[in-house]
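Working notes, structure below.
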Amino acid sequence: MDRSGGPGGGSGDRGQQQQQQEEGKGPPPPDVPGPEGGPKMGAAPCRRPPLHCNGMRYKLLQEGDIQVCAIRHPRTFLSKILTSKFLRRWEPHHLTLADTGVASATPTGYMENSISYSAIEDVQLLSWENAPKYCLQLTIPGGTVLLQAANSYLRDQWFHSLQWKKKIYKYKKVLSNPSRWEVVLKEIRTLVDMALTSPLQDDSIHQAPLEIVSKLLSENNNLTTQDHESIIVAIAPLLENNHPPPDLCEFFCKHCRERPRSMVVIEVFTPVVQRILKHNMDFGKCPRLRLFTQEYILALNELNAGMEVVKKFIHSMHGPTGQCPHPRVLPNLVAVCLAAIYSCYEEFINSRDNSPSLKEIRNGCQQQCDRKPNLPLRLLHTSPDLVSQEATLTESRLKPVIVTSNEIHVEVERNNTANQKMTANVGNDSEPNLIDCLMVSPTCSTMSIELSAQADRILGCYVEILKMLSDYDDWRPALASLLQPIPFPKEALAHEKFTKELKYVIQRFAEDPRQEVHSCLLSVRAGKDGWFQLYSPGGVACDDDGELFASMVHILMGSCYKTKKFLLSLAENKLGPCMLLALRGNQTMVEILCLMLEYNIIDNNDTQLQIISTLESTDVGKRMYEQLCDRQRELKELQRKGGPTRLTLPSKSTDADLARLLSSGSFGNLENLSLAFTNVTSACAEHLIKLPSLKQLNLWSTQFGDAGLRLLSEHLTMLQVLNLCETPVTDAGLLALSSMKSLCSLNMNSTKLSADTYEDLKAKLPNLKEVDVRYTEAW
């Protein structure tokens, strides 16, 4: 009889050596340092590389088909029976390796009763010399059970799976009723070594020991701090490539809160948190991983160096290069920050049910006597009618209302007579706009939010992390996208300290020249305010007389947002702040006012005269207004009836050539303009939109791009034929063409048109009859 210790058979010494490795009897591995690229926080003596045994790897079996033969006999007759010519009969069974034993799907014959792991005394590999059979021997009281596989690989897979199940069952029993903790700690170390040396490759191989330890810790709350750290050090090697289970995360969180300066936090938890941030896909499915990451970062902040240690950790997650190689790090860090900031205001958020809704407050349909006691913070909206009458209201008609909570105090002076003016909105079921709810007139109310010391530390830490994230150029576009729409609760937006600290992040967005970054300052869709509205004059977060607002407008105007729609929104909502900043000499605001006049955004004559007076009150405004008047005279001359109806520019013409040509005479009758094979760019759109009769435009093989298309789509709404063949336009610009309802012919040959955009254009352009999409994705 030959016993093999590895797949395909081998010597008895090799099998014995493998057995010792799996039982964790080998010498301990050498220590290794902390993770490369991480903050230098000391060595990690608790980390050991996994000791994989030589040979093949196997997947852990949970069930499978195998031949079974049971022999009831004294053990002394086993060799004689096995070598005899008359073997017992074999039965096919579909066996399941359950948590407690081996059972058959058809409990008949040899497997009528399941075999408990506690009843299996030994598991061995067997083979016959004359007639090789790939068999396993399970020694049980009073007999033996033989399992025959189809080949040596399956036999070894069954062998290692049975051994693993048997040992895990044993450790569950041993560690379920601990008596002496020094013995328990030794068993945990042996269990960890067994998992590291197992030839089985399966997620459950490392997760099973972690779950056993997690259950052990959850059922024993009287452990000392030293016991905590010893257990964490013992299981550390398993955490290098595996997320801790939920109960273990709670244990780690508790350790971070109680002993934030412990070296275990730095040496053991650092690689664990790094792995979570790099590989976790959804904190919604495992919120305790997020909570553990949150507590770990707070523990780093409690060290002597404080935020410097946190900054080094963030840098280690980004990496030394200009591009972070791990795409999941930033979304996970932002998710942790948002959850931590939310927790600072959670008491106030959860108490919303005790107070009237925002709609009720805005409509004034709920009286003070109808409210429940101990009202929490509410964010009140002041109607324009009420603001306009504040100066004429007497103090006797104002009744103060004091709203208190444990750590928040709000004093609001409300006009009770305003309820009748606001009842017209009672039928509106929609909630008030977020910024409208936050914008409270300073003459009407005062607001003060006070957080506890712990909440204040958490808020300061995670707002500072958002600042750090905004400093990385490669992370800024994704960060801007993750913070749009505004993800913070309105209680946070009403907190002056929070909005003041977060202003740095918004400034970084406003300073970034990339469109995908600063475009996130605007709202996602109509009716939903964004950072632009929040930090503009009149917004609850504006504390700098419009300096950030001017910076945001400047970057947006310098991009592709010099459009009628953007200017119209400024004229409707922010004309006063624009005029005030222009009066103080802000060049961007002067340009805004000039464009409003040039594009006829302002209809009211008095408002136009006020804008002109504002422009003429400063040197820069007077100069730009004179330039505007010159352009207007040229525009009138350009649009004067007369001139050619068709015009073709020579090849290699530039934007300057086109501007020079159009300034040379009248082109009020120009209907067909060909710029094919010229060197014009999107900049020439400023001149094209001044042609009132243009119906056909040929831009074949030019450098005309998305920014120019957006401008054309707003001004040349009567255009009927447009040729964009071999231009660098993309979906971002082509989608803007959906507003040009008069288009009959559109050539998008050899552009970056996608199939989805093509379908969208066909649906929104009812008059479109001729379309060329050859050599595009939509072809």
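Within the group 285, 254, which residue is without any contact (Cβ under 8 Å) to a residue 24 or more places away in the chain and closer than 30 Å to residue 453 by Cβ? Walk me through it before giving the result.
Numbers: 285 fails: closer than 30 Å to residue 453 by Cβ.
Exactly one of 285, 254 is without any contact (Cβ under 8 Å) to a residue 24 or more places away in the chain and closer than 30 Å to residue 453 by Cβ, namely 254.
Across region 249-263, what is the total count of residues that are open to solvent by 10 Å² or more (accessible area, probe 1.4 Å) and assigned to a helix (DSSP H, G or I)?
6
What is the one condition in (1) open to solvent by less than 40 Å² (accessible area, probe 1.4 Å); (2) of a type in the set (A, V, I, L, M); (3) modelled with pLDDT of 90 or more that residue 184 does not satisfy?
Going through (1) open to solvent by less than 40 Å² (accessible area, probe 1.4 Å); (2) of a type in the set (A, V, I, L, M); (3) modelled with pLDDT of 90 or more one by one, residue 184 breaks only (3).
Quickly run through region 188-213 and pick out the residues that are buried (at least 18 other Cβ atoms within 10 Å of the Cβ) and not in a helix (DSSP H, G or I).
Correct list: 198, 199, 200.
Conditions (1) open to solvent by 50 Å² or more (accessible area, probe 1.4 Å); (2) of a type in the set (Ser, Thr, Tyr), marked per residue:
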position	(1), (2)
587	yes, no
598	no, no
605	yes, no
623	yes, no
649	no, no
668	no, no
682	no, yes
687	yes, no
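With 193, 202 as the choices, which residue is in contact (Cβ under 8 Å) with a residue 24 or more places away in the chain and under 13 Å from residue 234 (Cα atoms)?
Details: 202 fails: under 13 Å from residue 234 (Cα atoms).
Every option except 193 fails the conditions.
Failed condition for residue 488, given (1) at pLDDT below 90; (2) open to solvent by less than 50 Å² (accessible area, probe 1.4 Å); (3) in a loop (DSSP other than H, G, I, E, B), with all others met?
Only one criterion is unmet by residue 488, namely (1).
Quick one: count up the residues across region 468-485 that are open to solvent by 50 Å² or more (accessible area, probe 1.4 Å), in contact with an Asp or Glu (Cβ under 9 Å, 6 or more places away or on another chain) and assigned to a helix (DSSP H, G or I). Please lay out each step first, then the result.
Residues of region 468-485 that are open to solvent by 50 Å² or more (accessible area, probe 1.4 Å), as a first pass: 471, 473, 481-482, 484-485.
Now narrow it down to the ones that are in contact with an Asp or Glu (Cβ under 9 Å, 6 or more places away or on another chain): 473, 481, 485.
Filter once more, keeping what is assigned to a helix (DSSP H, G or I): 481.
Residues in region 468-485 being open to solvent by 50 Å² or more (accessible area, probe 1.4 Å), in contact with an Asp or Glu (Cβ under 9 Å, 6 or more places away or on another chain) and assigned to a helix (DSSP H, G or I): 1 in total.
Which condition number does residue 81 fail, the rest of (1) at pLDDT 50 or above; (2) of a type in the set (A, V, I, L, M, F, W, C); (3) assigned to a loop (DSSP other than H, G, I, E, B) being met?
Single failed check for residue 81: (3).
Give region 465-497 a look and list any residue that's of a type in the set (Asp, Glu) and within 20 Å of residue 529 (Cβ to Cβ), or say none. Break it down into steps so the answer makes sense when it comes.
The initial filter retains those residues of region 465-497 that are of a type in the set (Asp, Glu), namely 471, 473-474, 491, 496.
Listed by number, the residues that qualify are 491, 496.
Mind counting the residues in region 214-243 that are within 27 Å of residue 458 (Cα to Cα) and either under 31 Å from the mean Cα position of the chain (by Cα) or surrounded by 18 or more Cβ atoms within 10 Å (Cβ to Cβ) (or both)?
Qualifying residue count, region 214-243: 5.
Every residue in region 294-321 that is open to solvent by 60 Å² or more (accessible area, probe 1.4 Å), touching a residue at least 12 places away in the same chain (Cβ under 8 Å) and not in a helix (DSSP H, G or I), please.
302, 320
Just checking, does region 635-652 include any residue being in a helix (DSSP H, G or I), at pLDDT below 90, under 30 Å from residue 515 (Cα atoms) and not aromatic (Phe, Trp, Tyr)?
Step one: list which residues in region 635-652 are in a helix (DSSP H, G or I), which gives 635-638.
Pick out the ones that are also at pLDDT below 90 and you get 635-638.
This time we only want the ones that are under 30 Å from residue 515 (Cα atoms), so: none.
No: region 635-652 contains no residue that is in a helix (DSSP H, G or I), at pLDDT below 90, under 30 Å from residue 515 (Cα atoms) and not aromatic (Phe, Trp, Tyr).
So, of the residues in region 85-100 that are at pLDDT 55 or above and not in a strand (DSSP E or B), which turns out to be most open to solvent (accessible area, probe 1.4 Å)? Give the steps one after another, and end with the answer.
First pass over region 85-100, keeping only residues at pLDDT 55 or above: 87-100.
Subsequent filtering for residues that are not in a strand (DSSP E or B) retains 87-90, 98-100.
Values: 87: 84, 88: 115, 89: 146, 90: 70, 98: 40, 99: 104, 100: 85 Å².
Applying the filter and picking the extreme gives 89.
If a residue has to be closer than 17 Å to residue 223 by Cα and out of contact with any Pro (no Cβ under 6 Å at 6 or more places or on another chain) to count, how many in region 171-190 make the cut?
Initial filter on region 171-190 (closer than 17 Å to residue 223 by Cα): 175-188.
Pick out the ones that are also out of contact with any Pro (no Cβ under 6 Å at 6 or more places or on another chain) and you get 175-183, 185-188.
Number of matching residues: 13.
Go over the candidates 185, 238, 223, 216 one by one and state the one that is of a type in the set (A, V, I, L, M), in contact (Cβ under 8 Å) with a residue 40 or more places away in the chain and not in a helix (DSSP H, G or I). Break it down stepwise before answering.
Working: 185 fails: not in a helix (DSSP H, G or I); 238 fails: not in a helix (DSSP H, G or I); 216 fails: not in a helix (DSSP H, G or I).
None of the other options fit; the residue is 223.
Which ones in region 519-548 are open to solvent by less than 20 Å² (accessible area, probe 1.4 Å) and under 27 Å from the mean Cα position of the chain (by Cα)?
Result: 520, 521, 530, 531, 532, 534, 535, 536, 539, 541, 548.
Out of (1) touching a strand residue (DSSP E or B) at 6+ places or on another chain (Cβ under 9 Å); (2) open to solvent by 60 Å² or more (accessible area, probe 1.4 Å), the odd one out for residue 246 is which?
(1)
So the check is Cβ under 8 Å with 6+ separation or different chains; which pairs have a first residue in region 591-616 that's among the aromatic types (Phe, Trp, Tyr) and a second one that's not in a loop (DSSP other than H, G, I, E, B)?
From region 591-616, the pairs are 599/564; 599/567.
Any chance region 572-585 includes a residue that's part of a helix (DSSP H, G or I) and within 24 Å of residue 469 (Cα to Cα)? Spell out the reasoning first.
Here is the first cut: in region 572-585, the ones part of a helix (DSSP H, G or I) are 572-573, 575-583.
Then drop every residue that is not within 24 Å of residue 469 (Cα to Cα), which leaves none.
Scanning region 572-585, I find no residue that is part of a helix (DSSP H, G or I) and within 24 Å of residue 469 (Cα to Cα), so the answer is no.
Just checking, does region 612-619 include any residue being open to solvent by 30 Å² or more (accessible area, probe 1.4 Å) and aliphatic (A, V, I, L, M)? Steps first, please.
The first filter runs over region 612-619 and keeps only residues open to solvent by 30 Å² or more (accessible area, probe 1.4 Å), leaving 612-613, 616-617, 619.
From what is left, the residues that are aliphatic (A, V, I, L, M) are 612.
Looking for residues that are open to solvent by 30 Å² or more (accessible area, probe 1.4 Å) and aliphatic (A, V, I, L, M), one finds at least one in region 612-619, hence yes.
Please count how many residues of region 755-768 are open to solvent by 20 Å² or more (accessible area, probe 1.4 Å) and over 17 Å from residue 725 (Cβ atoms). Spell out the reasoning first.
Going residue by residue through region 755-768, those that are open to solvent by 20 Å² or more (accessible area, probe 1.4 Å) are 755-756, 758-760, 762-764, 766-768.
Then keep just the ones that are over 17 Å from residue 725 (Cβ atoms); that gives 755-756, 759-760, 762-764, 766-767.
Result for region 755-768: 9.
What are the residues in region 595-634 that are of a type in the set (A, V, I, L, M, F, W, C) and part of a helix (DSSP H, G or I), if any?
Applying the first criterion (of a type in the set (A, V, I, L, M, F, W, C)) to region 595-634 yields 595-597, 601-602, 609, 611-612, 615, 620, 624, 628-629.
Of everything in region 595-634, those that are of a type in the set (A, V, I, L, M, F, W, C) and part of a helix (DSSP H, G or I) turn out to be 595, 596, 597, 609, 611, 612, 615, 620, 624, 628, 629.
Do any strands (runs of 3 or more DSSP E) lying entirely in region 105-177 carry at least 2 residues that are in contact (Cβ under 8 Å) with a residue 60 or more places away in the chain and among the hydrophobic types (A, V, I, L, M, F, W, C), and which ones are they? Steps first, answer last, please.
Values: elements: 122-126, 135-140, 143-148.
Because the criterion is at least 2 residues that are in contact (Cβ under 8 Å) with a residue 60 or more places away in the chain and among the hydrophobic types (A, V, I, L, M, F, W, C), the strands (runs of 3 or more DSSP E) in region 105-177 that meet it are 122-126, 143-148.
Would you confirm, using the coordinates I've provided, whether residue 289 is buried (at least 23 other Cβ atoms within 10 Å of the Cβ) and within 17 Å of the chain's Cα centre (by Cα)? So that I can check it myself, show each step before the final result.
Values: buried (at least 23 other Cβ atoms within 10 Å of the Cβ): yes; within 17 Å of the chain's Cα centre (by Cα): yes.
Taking the combined requirement at face value, the residue satisfies it.
The values are calculated or read from the model by the stated rules, or taken from the named source; none is laboratory data. What you see is a predicted model, and the numbers here were worked out from it, not measured in a lab. Here the Cβ is made from the backbone with ideal geometry for all residues, glycine too, and neighbour counts use every protein chain on show. Side chains are part of the model used for accessible areas, which takes the heavy atoms of the whole protein and leaves out ligands, DNA and RNA. Shrake-Rupley method; radii C 1.70, N 1.55, O 1.52, S 1.80 Å.
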